[in-house]
Amino acid sequence: MQIVIQPVQLPMHKVTWAVWTHGCRNRVEEFPQPADFEARLGLFPYNFSGFGGQLFRIRRSRLYFWNMTSSKDKSYLQQAIRLAREGIGQGKGGPFGCIIVKADEVIGTGNNLVTSTNDPTAHAEVVAIREACAYLNSYQLTGCTVYASCEPCPMCLGAIYWARPDRLVYASTRLDAADAGFDDDLIYREIALPAGERQIPFVFMPEQEALDVFRAWKKMSNKKLY
């Protein structure tokens with residue numbers, strides 16, 4: 001496996017900004033094996049999922065990203081970015097685009113349609129997932145890759161997990177979105193809080209009838225799990 005790295009000088013609390021974009025000019029060195037990479041630079045893994053690879057940290061807060069993408073990924077990702085640009089140019093919604101690919105075929109596309117449709121769930125990823133699932137006549141995206149212009153918000157992340165694609169590739173982070181006025185990172189932080197400490201109160205009001213519905217579902221012999 002070829003490993004391409006790029007040094008990024010950042011404070012450690014900004015670790016999520018250390019994204020290596022495929023084809024970036026200022027790559028510094030290539031290593032044929034991960035072991036050579038670690039031995040040469042004296043690195044230790046810094047656990048960070050989501051980039052489709054492994055992020056590493058070295059002394060003096062210098063960061064390196066182990067890239068696991070291809071030229072096809074770059075091409076599809078650029079299509080998602082173009083959708084984001086077209087969307088804002090046409091006044092459809094926010095600056096987000098997404099495409100879904102299976103076996104080298106684009107089967108779903110979407111850009112953000114929130115303000116043009118008055119639908120707060122019409123995010124680019126959700127729009128693309130709906131189109132792809134309709135095309136496949138399935139509620140699962142097995143064998144698919146999702147390409148998004150930005151790291152998905154928690155809602156879209158949930159939709160992606162429910163759709164179960166093989167992989168997600170994205171071009172910017174939630175911090176980039178927050179800088180542009182879309183504070184997805186706030187929602188990520190809210191999820192981790194106890195229900196009573198969130199900005200929108202979550203009130204648990206137990207009802208036996210709600211549990212009875214689950215019991216009825218468990219007893220069904222013809223239910224379709226997803």
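The values are calculated or read from the model by the stated rules, or taken from the named source; none is laboratory data. All figures in this text were calculated on a predicted structure; none of them were measured in a lab. All Cβ positions, glycine included, derive from the backbone under ideal geometry; neighbour counts span all protein chains shown. Keep in mind that these areas ignore ligands, DNA and RNA; they rest on the heavy atoms of the full protein, side chains included. Shrake-Rupley method; radii C 1.70, N 1.55, O 1.52, S 1.80 Å.
Of all residue pairs spaced 6 or more apart or on separate chains, those with beta-carbon atoms under 7 Å, a first member in the range 193-205 that is aromatic (F, W, Y) and a second member that is open to solvent by less than 100 Å² (accessible area, probe 1.4 Å) are F202/A195; F204/A195. Evaluated against (1) basic (K, R); (2) more than 22 Å from H123 (Cα to Cα); (3) surrounded by 15 or more Cβ atoms within 10 Å (Cβ to Cβ), K219 falls short on exactly one condition, (3).
Being open to solvent by less than 50 Å² (accessible area, probe 1.4 Å), under 28 Å from D179 (Cα atoms) and modelled with pLDDT of 95 or more narrows it down to one residue among G87, G143; which is it? Working first, answer last.
On the way: G143 fails: under 28 Å from D179 (Cα atoms).
Step by step, each of G87, G143 is checked, and only G87 is open to solvent by less than 50 Å² (accessible area, probe 1.4 Å), under 28 Å from D179 (Cα atoms) and modelled with pLDDT of 95 or more.
Tell me whether the range 182-198 contains one or more residues that are open to solvent by less than 100 Å² (accessible area, probe 1.4 Å) and among the hydroxyl-bearing types (S, T, Y). Yes: one or more hits.
The set of residues from the range 167-201 being acidic (D, E) and either under 15 Å from P152 (Cβ atoms) or touching a His at 6+ places or on another chain (Cβ under 7 Å) (or both) comprises D176, D183, D184, D185.
What do you reckon, is P152 under 14 Å from F96 (Cβ atoms), at pLDDT 95 or above, open to solvent by 80 Å² or more (accessible area, probe 1.4 Å) and assigned to a loop (DSSP other than H, G, I, E, B)? No. Of the residues making up the range 90-124, those that are open to solvent by 20 Å² or more (accessible area, probe 1.4 Å) and either assigned to a helix (DSSP H, G or I) or under 19 Å from T173 (Cβ atoms) (or both) are P95, F96, V114, T115, S116, T117, H123.
Please determine, by comparing only the residues of the range 125-140 that are among the aliphatic types (A, V, I, L, M) and open to solvent by less than 40 Å² (accessible area, probe 1.4 Å), which one is farthest from the chain's Cα centre (by Cα). It comes out as A132.
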